[in-house]
Amino acid sequence: MEQHKRRVRYSGKYPKKFEEKYKEHNPEKYADTIAHVIEKGSTPAGMHISIMVNEILDVLDIKPNERGLDCTFGYGGHTTSFLEKLSGTGHVTSLDIDLEESKKTLARLRAKGYGEDVLTLVNTNFANVDEVAKTQGKFDFMLADLGVSSMQIDNPDRGFSYKVEGPLDLRMDRSKGVSAAQRLKELDVDELAGMLYENSDEPYSEEIAKAIVKHIKWGKPLETTTDLKNLIADTLSFLPKDEQAKTINKTCARVFQAIRIDINHEYESLYQLLSKLPDIMNPGGRIVFLTFHSGEDRLVKKMFKEYKKQGIFTEISEDVIRPGAAECNTNPRAKSTKLRWAKM
């Protein structure tokens, strides 16, 4: 007989650590707790709140029997909204390189009754979308949500956030490539400064790059998220005291973003996806991109305009669509979102 495993104990009235939030990790069992956390403007541990669902559905205008593509499966929120619109007809193909989280999401959606006849998961980078189309066929509608999922950000073991201590990893797929800690050991000052500036417009890129390279050369590798955060704080200690806290937080967010983009080859993958759009979409196909920083948005905007000029796209959004105030209040992680759409 299997021995009952007691839940993790925590100090205080409410759990603070990711692994202690047992109610938040069980949304089906503790619906009231989940609702309360969301109402406070927070994302429950182990979950992800899909962004701009209504706006996306308005643009995609999904019809029965159509075939759709969700380039980032994540927690499955957008995919589920597509399946609901299809009402048992058509098919959705979802992609994700995060084997750990996509396996959990697929199991949850299968349990809801979405079988292989209506939903296929392919564990691959969306840069390989042309290979996916060879087996799945071309698509009538497509979403590329370029944001990092809350499950990845909140889990300390993944190393995506400077707010909690964990290994300095930042890989979407931990079975491939090198960790952020290892990558920082490979770069010289000019390379690192260039990466920080190009990937996140970091104004203190040179100062931070010099500090990181010097720190590592002194035999002090940056192994944890806290190691990197503390080094950034020390580097910016020259700032006026009343500016330090706010600036350090913003700088940490930009530095972590820049490193994440680099080690996951995010710009290269985005360019590959954009370049293959004409070959994977059916005539009349609708496309939506959600971007979260200026570099991504510039690339999407440029490619959309070029395809419109060539006559490949019949219509594109002239301006970005932003989430409404109500959504930003309940989901603060939506604030930086920019939506652009196109039609074949």
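Computed values, structure above
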read-out	value
Separation in nanometres of the label points that stand 7 Å from Cα toward Cβ, at K250 and E191	3.0 nm
Relative contact order [Cα under 8 Å, 6+ residues apart], segment 291-344, whole percent	44 percent
When the convex hull of its Cα atoms is projected in every direction, mean area for segment 107-198 (nm²)	8.9 nm²
Per residue convex hull volume, Cα atoms of segment 187-323, in Å³	144 Å³
Range of Cα positions in segment 49-173 per principal axis (Å), largest first	46, 30, 27
Separation in nanometres of the label points that stand 7 Å from Cα toward Cβ, at E131 and D117	3.0 nm
Most to least packed among 233-243, 277-287, 216-226 [average Cβ atoms within 10 Å]	277-287, 216-226, 233-243
Residue-by-residue Karplus 3J(HN,Hα) for segment 306-311, coefficients 6.51, -1.76, 1.60, Hz, glycine and proline x	5, 5, 5, 4, 7, x
Members of K305/K338; K176/K210; K103/K343; K138/K343 lying beyond 21 Å, as alpha-carbon distances in this model show	K176/K210; K103/K343
Radius, Kirkwood style, for segment 152-264 when every pair of distinct Cα atoms is counted (Å)	13.9 Å
Where labels lie 7 Å past Cα in the beta-carbon direction, separation of R322 and Y267 in nm	2.5 nm
Computed FRET value (nearest 0.05) for D61 with L299, which takes r as the C-beta separation and R₀ as 45 Å	0.95
For segment 270-327, Kirkwood radius (reciprocal of mean inverse C-alpha pair distance, Å)	12.6 Å
Sites T226 and N54, calculated FRET efficiency, Cβ-Cβ separation with R0 56 Å, nearest 0.05	0.90
³J(HN,Hα), Karplus 6.51/-1.76/1.60, whole Hz, each residue of segment 90-107, x for Gly, Pro	x, 6, 10, 9, 10, 10, 6, 9, 8, 5, 5, 7, 5, 5, 5, 5, 4, 4
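Values in this text are rule-based calculations from the coordinates and carry no lab data. Model, not experiment: these values are computed from the prediction. Note: ideal-geometry Cβ built from the backbone for every residue, glycine included; neighbour counts use all protein chains shown.
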